[in-house]
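Student: Could you have a look at this structure, given as structure tokens, before my questions?
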Amino acid sequence: MMKVRSVVRGCGSYLPPKVVPNADLEGIVATSDEWIVQRTGIRNRHIAAEGETTSTLGLAAAKAALSDAGMTADDIDLIVCATSTPDHTFPSTATMIQAGLGMHHGAAFDVQAVCTGFVYAVAVADKFLASGSARRALVIGAETFSRLLDWTDRTTCVLFGDGAGAIVLEAQEGTGTSADRGVLTTQLRSDGRYRDKLYVDGGPGSTGTTGHLRMEGREVFRFAVGMVTDVVEAAFEATGTSAEELDWFVPHQANKRIIDASADKLGIAREKVVITVDRHGNTSAASIPLALDVASRDGRLKRGDLVMLEAIGGGFTWGSALIRW
């Protein structure tokens with residue numbers, strides 16, 4: 001039976017020019033390059049400059065993705081932007097990117113699921129395309145997490161960076177099997193009981209301030225490794241595929257130890273794992289599309305490859321998306 005699939009037509013990314021190596025943080029908090037690398041795998045991160053915002057990063061990534069797809073904004077009728085660091089409480093970052101593209105039609109809105117945001121955004125866009133509500137979508141993950149950090153807290157300020165990534169999805173008919181190109185399944189979960197494990201201690205409806213990121217690192221690590229199997233195995237079950245059939249595993253880039261432990265638990269060979277956390281740090285909702293673009297540009301990602309996306313974020317939220325590239 002024929003089925004509409006959301007096929008990836010292009011991808012792109014943008015990183016602020018300012019690179020901050022671990023050594024630069026030694027003068028800010030009591031830490032060291034050795035300590036950070038050993039516990040996280042992070043060596044560098046990009047930090048947005050004055051005048052750079054989440055929407056400007058997202059706009060640059062969106063333009064790169066459109067160029068890669070050989071399209072213009074006129075070809076797009078939906079923009080879904082995943083972010084936890086919008087330029088403003090409102091309007092949405094997605095509408096600002098829409099305006100920056102010179103796009104005056106269609107719909108644009110934000111999705112907020114913290115580090116799982118891009119997976120949630122892919123799921124939302126896929127539903128629009130599968131239902132016929134849209135034909136082509138820009139799905140963006142963009143963050144300026146450096147502006148949520150307490151730069152006196154060495155347990156969090158060394159972890160995060162800024163950046164944006166984007167993909168273009170297009171509705172195409174498939175056969176309804178796992179051999180189809182496009183999004184094969186998405187699996188989303190959340191459990192608000194864990195909100196105090198990873199959160200920001202401010203907001204317009206509570207403190208009237210932006211607040212700072214707070215995290216219980218050990219609890220996040222334990223939950224991330226423990227729950228990742230749920231959504232990944234559900235994706236395999238939904239599509240009749242297996243870890244052995246995967247070409248690439250592209251997880252949220254939070255911590256190399258979490259990534260390695262998750263891959264091992266799932267039986268995914270480490271040579272199939274795309275790693276960018278060493279050069280980008282944790283860019284929250286931007287991390288997966290940034291990693292996809294790196295793997296696409298260096299030639300690893302090829303048409304027909306089976307790719308598993310997976311993430312966990314504050315809330316807790318977690319999810320997966322299985323895509324035939």
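Student: Counting just the Cα atoms, what span does the stretch 16-142 cover along each of its three principal axes? Round to the nearest Å and put the largest first.
Tutor: That gives 53, 31, 28 Å along the principal axes, largest extent first.
Student: Further, regarding this structure: Give the peptides 8-14, 155-161, 205-211, 292-298 in descending order of average Cβ contacts within 10 Å, highest first.
Tutor: Top to bottom by mean Cβ count within 10 Å: 8-14, 155-161, 292-298, 205-211.
Student: Taking N as the number of residues in the stretch 248-325, what is its Cα Rg relative to 2.2 N^0.38 Å?
Tutor: Its radius of gyration relative to the 2.2 N^0.38 Å reference: 1.02.
Student: Additional query: Starting at the first residue of the stretch 11-18, write each ³J(HN,Hα) from the Karplus equation 6.51 cos²θ - 1.76 cosθ + 1.60 with θ = phi - 60°, in whole Hz, x for Gly and Pro.
Tutor: Rounded to whole hertz, the list is 9, x, 8, 8, 10, x, x, 6.
Student: May I ask you to give the solvent-accessible area per residue for the stretch 201-240, in square angstrom, as obtained with a 1.4 angstrom probe?
Tutor: Value returned for the stretch 201-240: 54 Å² of accessible area per residue.
Student: Run the helix sum for the chain: -39,500 (n - 2.57) per DSSP H stretch of 4+ residues, divided by residue count, reported at 222 nm to the nearest 500 deg cm²/dmol.
Tutor: -9500 deg cm²/dmol
Student: 5 Å is the cut-off here: which amide hydrogens, built 1.01 Å from N in the peptide plane, fall below it relative to ILE312, excluding neighbours closer than 5 in sequence?
Tutor: HN-HN under 5 Å from ILE312: HIS252.
Student: For THR31, list long-range residues whose amide hydrogen, built 1.01 Å from N in the peptide plane, is under 5 Å from its own amide hydrogen.
Tutor: none
Student: Name the helices (complete DSSP H segments) of the chain with a Cα length along the long axis of 20 Å or more and a Kyte-Doolittle mean of at least 0.5, or state none.
Tutor: Helices meeting the span and hydropathy rule in the chain are 54-69, 117-131, 217-239.
The values are calculated or read from the model by the stated rules, or taken from the named source; none is laboratory data. Quantities reported herein were computed from a predicted structural model and do not represent experimental measurements. So basically every Cβ, Gly included, is an ideal-geometry build from the backbone, and we count neighbours across all protein chains shown. For accessibility, only protein heavy atoms count, side chains too; no ligands or nucleic acids. Shrake-Rupley method; radii C 1.70, N 1.55, O 1.52, S 1.80 Å.
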